[in-house]
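The block underneath contains the structure these notes are about, expressed in structure tokens.
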């Protein structure tokens, strides 16, 4: 289903969509307050953007440097060109250790690769340990937001879900009770796990370390208990130096949730004695995106989710309406690069208001890239022939001022005379919930000609 | 100084009032205003829908139409934004470069020429300013709430000089209204909800008149206001700046 169809369904429940909008707007407001307390905020954004541009322009160099450092640190490094290869690599590591139970902290990359489903078909249980992710996992859904995966669910629904899956008692959506129950449930999973998978927020080329940011400490809990740690990352997560990290950590938490820093910023550099640390570097379309000049900068994304919280369309249509792993404005510029036909409606799921670009901590020109993807969607996909014909005709008509004005005059005449049921038929989406503008007898140029020429 | 007035196609057809107000306002400052009658459209409706190639000819034609004036002024932030930012795909002929460099939205033009004295306007109403995104974030006619910068507004400053006008603060100062060109019909459900929310914000703050630089946004909001029978009107900012006591 296309974005407008999915969005209409989400909006049909007015109370829920209003609640969704208001909840995310509050997150945006919190972000504004946190960012406002940093006098050099705009300078930080500029610097972060420059570091990312630089890194992307020499990604090959930094990847080789990172690999070299990680090897020296005793880490096993793996390269995966696509999702399937990534899944095979992770599976082979787990097989080697005869692992049946895995805990996994938040990772949009493994979501992108469909790792959970892959491991499930090989009889390996993967438990998402981020609370929000665990909620959507128990509900057999997908995250609707990259930072708050279960933001589309109300507390009462989580209450029911936990009663059904974790056998909790009805609590009327008591957040403290539900969180405690989830924690108890997850503690057991942590203790049983034979391997821990984590995502990666930043990978430092100079030191070969990876940094994982969580608020729940779930990445650390998993890694410190299990003998094997597999960290999965897209190749665009690199930053050159450890000194650069502070800039990103300051921007990330404030942009994401309005916190000054995430509760845990965990650095992993070497495996503990007798244990293993694997890092899987995944391309899966990233070098292709890097080769697209107009869309290159999209790889600078640090997955803070601020563009979702600020997007007036996302807030009202919900993350699932995008039908892509990464929803919202950033998802709408990343996803067409993966599958143009499938995600053809996403670049149009925006008013091009530009709020996303102004909120972005690494200054990705998201709305401009949406405009550029629109051109490519029309050029490269078999769109609506009627629409293409109409656009072509309009382009021709606009080149003929007299004919164009005559067309306008006829249109206004019709608008004044046609009966209302005809004007407001189902073929007029504008008029479904809105009045058409008045059609005056005289246009401006008609008046101008009569009075001024 | 010769100013070429660019009247966007939909304003010509549906809001001639606002076009006349713009013309009269500019003339009242004493500048010479010419209105080339061969102008049609900036091409944005096609280009924003992904049909840039179909718009190239009309975009080039617009540049030729305005080759002989010192400034191109238009009562639309969105069209000017399109000209300035998306005419980069055209061959950069002298006419195209001239158009891109010299095109200004009406309030932008007035604010850059403080020496031009506007006649005193009188408009005794509680007025809400709808910051149209292409003007605000595209042309930077105002600070945006996402960026950590001191607040400012070119349009707001002009409105504050209008006698009797009370400029009302909104709950969400600069949220998009949901018009978005063809978005208004292709994403009808989201578009209307955004529009309703924007209208509700103005109503909650006891606004009597919503104004702005872009009648495209205002047409969308007006469509909702009229359908729902709400006690609000919309006026282009030029209509307010050009209002004398007896007209209001």
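All conditions in (1) in contact (Cβ under 8 Å) with a residue 60 or more places away in the chain; (2) under 17 Å from the mean Cα position of the chain (by Cα); (3) under 26 Å from residue A:374 (Cα atoms); (4) within 14 Å of chain A (Cβ to nearest Cβ) hold for residue B:49, with the sole exception of (2). The residue list A:78, A:91, A:145, A:86 contains one member that is touching a helix residue (DSSP H, G or I) at 6+ places or on another chain (Cβ under 8 Å) and assigned to a loop (DSSP other than H, G, I, E, B), which is A:145.
Meeting the requirement of 2 or more residues that are modelled with pLDDT of 95 or more and either more than 9 Å from chain A (Cβ to nearest Cβ) or on the phi > 0 side of the Ramachandran plot (or both), the helices (runs of 4 or more DSSP H) wholly within segment B:177-248 are B:188-204, B:215-227, B:237-241.
For segment A:423-445, the criterion of a residue being more than 7 Å from every other protein chain (Cβ to nearest Cβ), assigned to a loop (DSSP other than H, G, I, E, B) and farther than 30 Å from residue B:229 by Cβ is satisfied by no position. Only one entry in B:36, B:53 is in a helix (DSSP H, G or I) and surrounded by fewer than 20 Cβ atoms within 10 Å (Cβ to Cβ), namely B:53. With respect to the conditions (1) surrounded by fewer than 24 Cβ atoms within 10 Å (Cβ to Cβ); (2) modelled with pLDDT of 95 or more; (3) more than 7 Å from chain B (Cβ to nearest Cβ), residue A:375 lacks only one, and its number is (3).
Residue check: is residue A:383 surrounded by 11 or more Cβ atoms within 10 Å (Cβ to Cβ) and part of a helix (DSSP H, G or I)? In short, no. For segment A:210-225, the criterion of being in contact with a helix residue (DSSP H, G or I) (Cβ under 7 Å, 6 or more places away or on another chain), farther than 27 Å from residue A:299 by Cα and without any contact (Cβ under 8 Å) to a residue 24 or more places away in the chain is met by no residue.
The values are calculated or read from the model by the stated rules, or taken from the named source; none is laboratory data. Treat the numbers as computed from the prediction; the structure is a model and nothing was measured. As a convention, Cβ positions derive from the backbone with ideal geometry for all residues, glycine included, and neighbour counts pool all protein chains shown.
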